[in-house]
């Protein structure tokens with residue numbers, strides 16, 4: 001498998017941000033790590049290996065990046081306003097820095113990657129897609145929570161609101177993003193969750209219910225009570241849906 005690591009100083013985040021790319025052809029899939037993990041997490045936990053046959057066949061290219069959760073949502077040493085501001089800076093990093101790099105690497109200035117991630121990575125993947133439905137082709141969030149107010153001690157501002165899918169999707173009523181989302185194929189938004197240990201399927205159902213009220217086609221796939229919040233299941237989930245979608 002073709003594997004390449006690059007890194008650059010992000011002017012949006014004020015720090016060095018690495019990226020690893022896998023593959024030589026196919027549709028790009030942007031991957032967000034769990035919790036406070038880094039860009040190589042999916043490789044360490046064998047998720048890349050689980051979908052390597054799709055990559056080697058030229059069906060998908062993978063791009064895995066760092067999150068900023070350790071500096072924002074999971075950082076108890078800073079104030080909620082600072083946490084929220086970092087989320088907005090990270091969003092700009094995705095659109096202004098990562099997306100152009102992917103398009104240059106693919107050789108197509110208009111290509112729209114899909115996003116994916118597990119746990120807190122699912123939140124980041126879904127947020128990137130729903131905020132920028134004109135830049136991304138879809139999303140495959142796994143075992144996520146889509147309301148991050150629990151990390152904010154009751155604080156709210158525009159930076160939080162516009163990075164909190166449960167809030168901004170509930171009120172979405174514009175003439176640009178809502179029509180675009182309503183014309184999506186249900187396979188372009190695939191919300192996955194288990195019902196076993198440490199899973200919270202009600203959070204995926206909540207997101208699904210909001211999309212349903214807005215008339216946004218999507219797929220909610222709730223796996224069994226034996227399906228835990230764990231890597232063995234995320235490997236199976238992503239393998240299944242890469243096979244279905246690409």
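The values are calculated or read from the model by the stated rules, or taken from the named source; none is laboratory data. All figures in this text were calculated on a predicted structure; none of them were measured in a lab. In this analysis, Cβ positions are derived from the backbone assuming ideal geometry, glycine residues included, and neighbour counts consider all displayed protein chains.
Observations on the structure shown:
- Number of positions in region 12-58 that are in contact with a helix residue (DSSP H, G or I) (Cβ under 9 Å, 6 or more places away or on another chain), closer than 18 Å to residue 96 by Cβ and surrounded by fewer than 12 Cβ atoms within 10 Å (Cβ to Cβ): 1
- Test result for residue 190, more than 14 Å from the chain's Cα centre (by Cα), outside any loop (DSSP other than H, G, I, E, B), at pLDDT 95 or above and closer than 28 Å to residue 233 by Cβ: no
- Checking each residue in region 185-199 for being surrounded by fewer than 16 Cβ atoms within 10 Å (Cβ to Cβ) and under 17 Å from residue 134 (Cα atoms) picks out 185, 186, 187.
- Filter pass, residue 161 being over 30 Å from residue 239 (Cβ atoms), surrounded by fewer than 23 Cβ atoms within 10 Å (Cβ to Cβ), out of contact with any strand residue (DSSP E or B) (no Cβ under 7 Å at 6 or more places or on another chain) and touching a residue at least 24 places away in the same chain (Cβ under 8 Å): no
- Residue 222 vs. criteria more than 18 Å from residue 129 (Cα to Cα) and in contact with a strand residue (DSSP E or B) (Cβ under 6 Å, 6 or more places away or on another chain): yes
- Scope region 195-209; condition in contact with a helix residue (DSSP H, G or I) (Cβ under 8 Å, 6 or more places away or on another chain) and closer than 22 Å to residue 164 by Cα; matching residues: 206, 207
- Residue match in region 127-134 (condition: modelled with pLDDT of 95 or more, under 15 Å from residue 69 (Cβ atoms) and either in contact with a helix residue (DSSP H, G or I) (Cβ under 8 Å, 6 or more places away or on another chain) or crowded, with 24+ Cβ neighbours inside 10 Å (or both)): yes
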